[in-house]
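The values are calculated or read from the model by the stated rules, or taken from the named source; none is laboratory data. These figures come from a predicted structure and were not determined experimentally. Cβ sites come from the backbone with ideal geometry, for glycine too, and all protein chains shown count toward neighbours.
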């Protein structure tokens, strides 16, 4: 997908077992910018997206602990194939934003992408390398960010089955009001949901357990 989208990428040859979280950490360590924006390869920006992100950094800069969730509009197959295989202009973004017929999920924009001060990310260790498959390293970082910015927030009251829903509904969505208002939102390119689905399911319980242990034992400083 990187090649299809014309995205530059850095090849990593790990001595240890590869995980997506360790790749995120490696990227953060070699980055030279003050802030990093974690985005998935299937999240498509429109042409002026990053200009708006740069302007928005002025909102975050007063405190390194400030961060923002970047929402996602999940586009359906029709829209993705017609509009997202080329450079996306703002008019196309607005078309997806305003027309629910082009979306797979009709909810307030929400995703596992986040904008964060690079030093702050590295200060708490970034992503854990314990997770297998994909997605769970993002939940872990979002929980850590929530606990660092809201000292009274604790996960102990939640059951393991609701740990993902809690992350999305009580951390990600409430934190992206400002970015959504400014149209700092990605378009998610549709792809076959059955690809790697078994891989995700096979690691479901082990990843839930790891996420619960990491968040319950995390000591915000």
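Summary table
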{"item": "Residue 38 being crowded, with 18+ Cβ neighbours inside 10 Å and either at pLDDT below 95 or under 17 Å from the mean Cα position of the chain (by Cα) (or both)", "result": "yes"}
{"item": "Output for the stretch 128-162, where each listed residue is over 13 Å from the mean Cα position of the chain (by Cα), at pLDDT 80 or above and either surrounded by fewer than 17 Cβ atoms within 10 Å (Cβ to Cβ) or under 19 Å from residue 206 (Cβ atoms) (or both)", "result": "128, 129, 130, 131, 132, 133, 149, 150"}
{"item": "Residue ranges of helices (runs of 4 or more DSSP H) in the stretch 170-221 with at least 3 members free of Cβ contacts under 8 Å to residues at least 24 places away in the same chain and either loosely packed, with under 13 Cβ neighbours inside 10 Å or under 15 Å from the mean Cα position of the chain (by Cα) (or both)", "result": "197-202, 204-217"}
{"item": "Helices (runs of 4 or more DSSP H) (entirely within the stretch 43-133) containing at least 1 residues that are more than 30 Å from residue 148 (Cα to Cα)", "result": "77-83, 90-98"}
{"item": "Pairs, first more than 28 Å from residue 174 (Cα to Cα) in the stretch 72-91, second assigned to a helix (DSSP H, G or I), C-beta under 7 Å, six or more apart", "result": "83/92"}
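Quick grid of which residues meet (1) surrounded by fewer than 19 Cβ atoms within 10 Å (Cβ to Cβ); (2) within 12 Å of residue 187 (Cβ to Cβ):
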position: 23; (1), (2): yes, no
position: 28; (1), (2): yes, no
position: 49; (1), (2): no, yes
position: 52; (1), (2): yes, no
position: 63; (1), (2): yes, no
position: 89; (1), (2): yes, yes
